[in-house]
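A.B. asks: Input: one structure, supplied below.
Just so you know, all these numbers are worked out from the coordinates, no wet-lab data involved. Because the structure is predicted, anything quoted here is derived from the model rather than measured. Cβ sites come from the backbone with ideal geometry, for glycine too, and all protein chains shown count toward neighbours.
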Amino acid sequence: MSDLSDLYQSVILDHNKRPRNRGKPPTANRVATGDNPSCGDNCTVYLHLDPSGRIDTIGFEGSGCAISQASTSLMTTLVKGKTLVEAEALFNDFKSIVTTGQAPEEISDLAAFAGVHAFPARIKCATLGWHATLEALKQPPSA
């Protein structure tokens, strides 16, 4: 395995073993759930938008395969501080990586998921938390 493949594999394993932002933040004012019944993955994303429309807090709960959990963990670290438009742009970059296997020239943790394209059934696993986040961003504030 190449050094770059080893690096990418370690990113996925690290986020799966030590997920970032796991749990429901107490200030969350948006929530959405994603479910993949074909494999059993599920994910609920909680986030708080500040008055300017930026994500200032995000967390998730759920269970599933290493790909879904690692992808959701990484996603939470990347979308903090972003607006809906910025989060959608990140998702589009990620979706392109997992569907084509073409990663950007620069080394990024998103590129760790380029190998997912070889397993089409896993694309839903990798994008589950992202879809839930975009849905939560479009929800009205919860009480």
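A.B. asks: So for segment 57-143, Kirkwood radius off the Cα pairs, Stokes-Einstein at 25 °C and 0.890 mPa s: how many µm² s⁻¹? List each step's numbers first, then the result.
C.D. replies: On the way: Rh = 13.3 Å.
Stokes-Einstein gives a translational diffusion coefficient of 185 µm²/s.
A.B. asks: Give, rounded to the nearest 20 debye, the magnitude of the charge dipole that segment 3-138 has about its Cα centre when Lys and Arg contribute +1 at Cβ and Asp and Glu contribute -1 at Cβ.
C.D. replies: So the dipole magnitude of segment 3-138 works out to roughly 440 debye.
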